[in-house]
Protein chains: 4
Amino acid sequence: MNPAALEAAMPLDPDRAAREARKMQRSRQLLDAAARVMEREGSHAVSMQAVADEADVSVGLIYRYFGGKDELLLAVILNVLEDFASTVPAAVEAAGDDPVERLAAAFGAYCRVIERHRHATVLTYRESKSLDEAGRRRIKEYEVETTQPLVGVLRDGIDAGAFRPVEPEMVAYNLLLVAHAWALKHWYFERTLSFEDCVRNQLSLALHGLIEPRQRRRYTRFLEASERRSRPSTVAPGS
Amino acid sequence: MNPAALEAAMPLDPDRAAREARKMQRSRQLLDAAARVMEREGSHAVSMQAVADEADVSVGLIYRYFGGKDELLLAVILNVLEDFASTVPAAVEAAGDDPVERLAAAFGAYCRVIERHRHATVLTYRESKSLDEAGRRRIKEYEVETTQPLVGVLRDGIDAGAFRPVEPEMVAYNLLLVAHAWALKHWYFERTLSFEDCVRNQLSLALHGLIEPRQRRRYTRFLEASERRSRPSTVAPGS
Amino acid sequence: MNPAALEAAMPLDPDRAAREARKMQRSRQLLDAAARVMEREGSHAVSMQAVADEADVSVGLIYRYFGGKDELLLAVILNVLEDFASTVPAAVEAAGDDPVERLAAAFGAYCRVIERHRHATVLTYRESKSLDEAGRRRIKEYEVETTQPLVGVLRDGIDAGAFRPVEPEMVAYNLLLVAHAWALKHWYFERTLSFEDCVRNQLSLALHGLIEPRQRRRYTRFLEASERRSRPSTVAPGS
Amino acid sequence: MNPAALEAAMPLDPDRAAREARKMQRSRQLLDAAARVMEREGSHAVSMQAVADEADVSVGLIYRYFGGKDELLLAVILNVLEDFASTVPAAVEAAGDDPVERLAAAFGAYCRVIERHRHATVLTYRESKSLDEAGRRRIKEYEVETTQPLVGVLRDGIDAGAFRPVEPEMVAYNLLLVAHAWALKHWYFERTLSFEDCVRNQLSLALHGLIEPRQRRRYTRFLEASERRSRPSTVAPGS
DNA sequence: AATGAATGAGATTTCATTCAT
DNA sequence: AATGAATGAAATCTCATTCAT
């Protein structure tokens, strides 16, 4: 009652603000802990107890901040998607005006976010049961949204004559897929490629299909990453 | 070995043969039921009871045919992989000698198997926890194996000068990924594309990046599927 | 009907006799198999399937000869008790007239039966739950019956003045217990004693408490087995 | 160790202490309930549900305190053995210096512990399957340990010339066996004997075999319990 | 705000028993 | 007489969620 009275007296109550801040901090702490265990163990294997232990709090507390396990899982996934939303556009902006440079920057940023949350990315592919229809839809919509920077870059590039006249949505989604592949099929790619090589390679392959034939010469440095490395010499001397 | 020798010695043991046949049939019935529920509900959500109900048998019976839930899940997944192993090579052989035709046939066959087991394909991406290391390795190895026809076709095509000198393993795996995409991101692609269009499109995109520039003219029919359909007229008059 | 008519015609039907014989043989085969697995694995661990496998027949067949698992278990136990009933009295008869000799023979025979069915003996101590009241009573009564030869020998020995005037029933039951001990606490006794030594030892201990003091000298050979072996008897005379 | 050090450092953590206390109390409650049902029904027959019902808690709770059924069973058995370990030595100490008095006290104490946990004692004889090798060994070792007071008393008595020079280990184990008999063969002994009579009787029988002949006269009160009560001893001399 | 003991539904697995062939 | 596929009840164990403190 005393606090309530205070609040009534001054609407810009620092108490409330502090409380809000603590709440956010707690949320973040729990979210991070959840992400950590889920990424370590694999989502379904993770019990609420495990999350609580990881965060060094009691199980009960989690329920004060998240409605239940589903909500927590959803929050973990959305957290990754938020990283896309904030990282990719920034990278594109920083990349200058050249369409290919911009695409390379966007794709690279995308891949790096995935590398950062490699295991959590896989979670997206396992959500089906746990999440309810609403949660699933939200994730899907958000995911589509995260491809918008790529779509924009592609569209601009087509209009500028740098790219062939492809369907930007489809190509963007394909880029998202091969980026996810680093997480989904990590066991396969890590056999032969480092993360950076994989990104370069995939980008090169994609650009080969995208760039207007007569523009190719300008982007050789992007394009040759996917050439077979075992027979490199025959090309180099001639050029 | 021993049984085979016995059978050879006395070819007529109709009893044993009939029993084997019935056993196979039951296995298949249970496998199908399992696949059906798993595809419908999503693997982890599926209890043995649910499988039993779907197959209209008792829970106990499943354990006569499969060692446990893991083994059943593994069997469902391997079943899909076996379909690849038998369908794709046949399609390649039937396709003639042209490298691009062969690649198109292989990719198309691959996609059609996925379409046939769309949901079961998704299971492969969720096996993580349930399966033990042995099972997981088996699946991975088998999956890599199923890309071998694509690798072969690519290699031949490169040697024949039809494709650019890419890394065949990597490109094959990328093709596998975009084929899987039809299952993994079905909710996205089905918005704008039919299955056949999607296959054509993906193939076209890939071929644009693969075919040697001076060979392009010969494969126009494969290549134009990924051109933007919204502005079709500008292309037509020229040709 | 035809067979029935035949039976009516000649009451000493060889067919029926043969059938009875086969039935007995089967029963025995199944019983032996059951005893073997139970003795090997330990009763509750034993499934009907295991018994069937051991006997190389189908599960179903067991139910034709025994009402169920309980009945089978009961039969296995009774089988051991029958061995007592037929072995012990014979050994006593073969032992001559001396009470101590007779007791030694009876106890030795008892112990040897237990050694023969060591694990099955333990079963008797685990029947509790599985068997119904009727079965349990039957076993108990039969067990008491198997001590009768010992009781008889003791009573005669008391009347003949060879044994002290103890309660024969109680002493007989104690002898049964230490005989069972070889099965129940085999892990303990086998550390330090062979079967034969154990029997001799136990007999010696018991006789020390039983034989009339003034008769002792006559039975030295039975009595010294339990003397401490570390201090050879040569010490005694001196004191 | 660590906790102990901590407690020493800050002796006042009433919270933790209270929690520990409550935990102990619960453990004890569950253990008692388990013992009660197991003693009533017979160990294998006992489901976790039954234990939970008996203790008036939920099944899940038992798993908070005991790792599983095995661990619970083990705890029940160890609980009995702990009673031996604390009761028997105390009884021996309280018995004075006379070897026979001490043996009588030890055996009596042993028997009373068994009477207190009559049914739980039987469990020891049924543990075989359920318990793992480690648990079984632990029980065996503990059981052997509980005979040490008897062994000590016997050894001292032999050295003092009160007992014949027997193997103390073997005789001690035999005493343990006849003590267990009250539990194992309760249905038999209770027909004719009260608990106290049974103890006296068994002790008398054992002492007859143990006490040095020329010491007998001093211990008549222990020795005559096993004389036949039906024919009063006054008759014997005449015959 | 925070704890963690307690709940109880539900999942996997086993196995005695039946019954059509 | 014999088989063994099929059943289904029961047992163990896990874990999301609640609630008294």
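The values are calculated or read from the model by the stated rules, or taken from the named source; none is laboratory data. These figures come from a predicted structure and were not determined experimentally. As a convention, Cβ positions derive from the backbone with ideal geometry for all residues, glycine included, and neighbour counts pool all protein chains shown.
Quick check on this structure: which one of A:VAL88, A:VAL92, A:VAL80 is at pLDDT below 95 and more than 16 Å from DNA strand E (Cβ to nearest atom)? Quick ask: steps written out before the conclusion?
Details: A:VAL88 fails: at pLDDT below 95; A:VAL92 fails: at pLDDT below 95.
The unique qualifying residue is A:VAL80.
Of the residues in segment D:30-60, how many are within 15 Å of DNA strand E (Cβ to nearest atom), within 14 Å of another protein chain (Cβ to nearest Cβ) and in a loop (DSSP other than H, G, I, E, B)?
Just the residues of segment D:30-60 that are within 15 Å of DNA strand E (Cβ to nearest atom), to begin with: D:30-34, D:44-45, D:47-60.
Within this subset, residues satisfying the condition of being within 14 Å of another protein chain (Cβ to nearest Cβ) are D:44-45, D:47, D:50, D:60.
From what's left, in a loop (DSSP other than H, G, I, E, B): D:47.
Residues in segment D:30-60 being within 15 Å of DNA strand E (Cβ to nearest atom), within 14 Å of another protein chain (Cβ to nearest Cβ) and in a loop (DSSP other than H, G, I, E, B): 1 in total.
Mind listing whichever residues of segment A:161-196 are more than 10 Å from chain B (Cβ to nearest Cβ), at negative phi and surrounded by fewer than 20 Cβ atoms within 10 Å (Cβ to Cβ)? Spell out how you get there, then give the answer.
Within segment A:161-196, the first condition is being more than 10 Å from chain B (Cβ to nearest Cβ), and the residues that meet it are A:161-163, A:172, A:175, A:179, A:182-183, A:186, A:190, A:194-196.
Among the residues that remain, those that are also at negative phi are: A:162-163, A:172, A:175, A:179, A:182-183, A:186, A:190, A:194-196.
Matches in segment A:161-196: A:HIS186, A:GLU190, A:SER194, A:PHE195, A:GLU196.
Taking interchain pairs and intrachain pairs at least six residues apart, which have beta carbon atoms under 7 angstrom, with the first residue in segment D:170-192 and farther than 23 Å from D:LYS140 by Cα and the second surrounded by fewer than 20 Cβ atoms within 10 Å (Cβ to Cβ) and not aliphatic (A, V, I, L, M)?
Cβ pairs passing all conditions: D:TRP187/C:LYS140.
Hey, could you check segment D:142-171 for residues that are hydrophobic (A, V, I, L, M, F, W, C) and closer than 21 Å to C:TYR188 by Cα and say which is farthest from the chain's Cα centre (by Cα)?
Restricting to residues being hydrophobic (A, V, I, L, M, F, W, C) and closer than 21 Å to C:TYR188 by Cα, the top hit is D:VAL166.
Look at segment B:54-67 and say how many of its residues are within 13 Å of DNA strand F (Cβ to nearest atom) and either under 19 Å from B:ARG138 (Cβ atoms) or not aliphatic (A, V, I, L, M) (or both). Spell out how you get there, then give the answer.
We begin by selecting, within segment B:54-67, every residue within 13 Å of DNA strand F (Cβ to nearest atom); these are B:54-66.
Keeping just the survivors that are either under 19 Å from B:ARG138 (Cβ atoms) or not aliphatic (A, V, I, L, M) (or both) gives B:54, B:56, B:58, B:60, B:63-66.
Qualifying residue count, segment B:54-67: 8.
Go through (1) away from DNA strand F (no atom under 15 Å from the Cβ); (2) surrounded by fewer than 18 Cβ atoms within 10 Å (Cβ to Cβ) one by one and return the number of the condition B:VAL80 breaks.
All conditions pass for B:VAL80, except number (2).
D:ARG112 versus (1) buried (at least 16 other Cβ atoms within 10 Å of the Cβ); (2) closer than 25 Å to C:TRP187 by Cα; (3) of a type in the set (Lys, Arg): which is the lone unmet condition?
Condition not satisfied by D:ARG112: (2).
Can you confirm whether D:ILE139 is closer than 19 Å to D:MET38 by Cβ and out of contact with any Lys or Arg (no Cβ under 6 Å at 6 or more places or on another chain)?
On the way: closer than 19 Å to D:MET38 by Cβ: yes; out of contact with any Lys or Arg (no Cβ under 6 Å at 6 or more places or on another chain): yes.
Answer is yes for this residue.
Among all residue pairs at least 6 apart or on different chains, which show Cβ distances below 6 Å where the first residue, located in segment C:47-61, is within 13 Å of C:ARG36 (Cα to Cα) and the second is away from DNA strand E (no atom under 12 Å from the Cβ) and in a helix (DSSP H, G or I)?
Hits for this filter: C:VAL51/C:ALA33; C:GLU54/C:ALA33; C:GLU54/C:ARG36; C:ALA55/C:GLN29; C:ALA55/C:LEU30; C:ALA55/C:ALA33.
Can you tell me which condition A:LEU30 does not meet? The list is (1) under 29 Å from A:TYR110 (Cβ atoms); (2) away from DNA strand F (no atom under 16 Å from the Cβ), and all the others hold.
Of the numbered conditions (1) under 29 Å from A:TYR110 (Cβ atoms); (2) away from DNA strand F (no atom under 16 Å from the Cβ), the odd one out for A:LEU30 is (2).
Identify all residues within segment B:193-204 that are more than 26 Å from A:ARG137 (Cα to Cα) and free of Cβ contacts under 8 Å to residues at least 24 places away in the same chain; write none if there are none.
B:SER204, the sole residue that qualifies.
Please give the number of the condition D:ASN79 fails out of (1) closer than 30 Å to D:PRO149 by Cα; (2) among the polar types (S, T, N, Q); (3) over 20 Å from the mean Cα position of the chain (by Cα).
Against the list (1) closer than 30 Å to D:PRO149 by Cα; (2) among the polar types (S, T, N, Q); (3) over 20 Å from the mean Cα position of the chain (by Cα), D:ASN79 comes up short only on (3).
If I ask for residues that are closer than 20 Å to B:VAL80 by Cβ, among the aliphatic types (A, V, I, L, M) and modelled with pLDDT under 95, which ones from segment B:7-30 would you list?
B:MET24
What pairs can you find where one residue is in segment C:96-108 and assigned by TED's automatic domain parsing to the domain that holds C:PHE222 and within 15 Å of C:LEU175 (Cα to Cα), the other is crowded, with 16+ Cβ neighbours inside 10 Å and among the hydroxyl-bearing types (Ser, Thr, Tyr), and their Cβ atoms are less than 7 Å apart, with a gap of 6+ or different chains?
C:VAL100/C:TYR219
When you check D:ALA4 against the structure, is it away from chain C (no Cβ under 14 Å), modelled with pLDDT under 90 and either assigned to a helix (DSSP H, G or I) or within 14 Å of DNA strand F (Cβ to nearest atom) (or both), yes or no? Walk me through it before giving the result.
Details: away from chain C (no Cβ under 14 Å): yes; modelled with pLDDT under 90: yes; either assigned to a helix (DSSP H, G or I) or within 14 Å of DNA strand F (Cβ to nearest atom) (or both): yes.
Yes, satisfied.
Quick check on A:ALA91: is it of a type in the set (A, V, I, L, M), within 22 Å of the chain's Cα centre (by Cα), within 19 Å of A:ALA105 (Cα to Cα) and surrounded by fewer than 19 Cβ atoms within 10 Å (Cβ to Cβ)? Break it down into steps so the answer makes sense when it comes.
Working: of a type in the set (A, V, I, L, M): yes; within 22 Å of the chain's Cα centre (by Cα): yes; within 19 Å of A:ALA105 (Cα to Cα): yes; surrounded by fewer than 19 Cβ atoms within 10 Å (Cβ to Cβ): no.
Judged against the criteria, A:ALA91 is not a match.
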